[in-house]
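Data block below; observations after.
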Amino acid sequence: MKKLITSALPYVNNVPHLGNLIQVLSADVFARYSRLKGDEVLYVCGTDEYGTATETKALQEGKNPDELCKHYHEIHKVAYKWFCIAFDYFGRTSIKEHTEITQDIFLKLHKNEYIKEHKNEQFFCPHCNRFLADRYIVGMCPHCGGEGRGDQCESCGKLLEPPELKTPKCSSCGTEPVLKETTHLYIDL
């Protein structure tokens, strides 16, 4: 049997942590088990280099996103090698081929009218002049009073929606964000 195995792609904005290792280690164990059974296996993974996480970390470190990605991709490669994770290929989401494939998928979905626009409200930082992803909003958890992000409380672990946070602030500059209408694209499943 042929198997393509991967795990969630770790963000390239940090040194790999236990959460990253658990993901890739689980997939590595399954790939090794499958090979022992005689299956033909391709185990691939790579660093996720897109999104707000990369942009914010690059600003914090005074690097441009490309420099940051190159730096942390190498750290990830070394860490996974040290843990003997046996990828057949460990790449980067920013390579030309991934960009072309992703754009091709999007354009085909759009051409066939599977992409829909929806308006919603999202926190916007007037100082940074940008919309904030959930994890870049910090404030007080409404459940325990601890430090929370827009997606989860760091103290009690409860999942949160950004508007639930008390005294929300932009994690980059500390400014109080405002809810602002924005339009997002969704795949119409």
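The values are calculated or read from the model by the stated rules, or taken from the named source; none is laboratory data. As the structure is a prediction and not an experimental result, all values here were calculated from the model. Cβ atoms come from the backbone with ideal geometry, glycine included; neighbour counts cover every protein chain shown. Quick note on the areas: whole protein, heavy atoms, side chains included, nothing else; ligands and nucleic acids left out. Shrake-Rupley method; radii C 1.70, N 1.55, O 1.52, S 1.80 Å.
Things worth noting here:
- Restricting the stretch 64-85 to residues that are in contact with a helix residue (DSSP H, G or I) (Cβ under 7 Å, 6 or more places away or on another chain) and open to solvent by 40 Å² or more (accessible area, probe 1.4 Å), the residue that is farthest from residue 135 (Cα to Cα): 83
- Residue count, the stretch 138-186 (criterion: over 21 Å from the mean Cα position of the chain (by Cα), surrounded by 15 or more Cβ atoms within 10 Å (Cβ to Cβ) and hydrophobic (A, V, I, L, M, F, W, C)): 3
- Residues that are touching an Asp or Glu at 6+ places or on another chain (Cβ under 9 Å), open to solvent by 60 Å² or more (accessible area, probe 1.4 Å) and among the acidic types (Asp, Glu), drawn from the stretch 37-60: none
- Hits in the stretch 45-65 - residues which are more than 17 Å from the chain's Cα centre (by Cα) and either outside any helix (DSSP H, G or I) or at positive phi (or both): 62, 63, 64
- The stretch 159-188, subset in a loop (DSSP other than H, G, I, E, B) and out of contact with any helix residue (DSSP H, G or I) (no Cβ under 9 Å at 6 or more places or on another chain), residue nearest to residue 55 (Cα to Cα): 173
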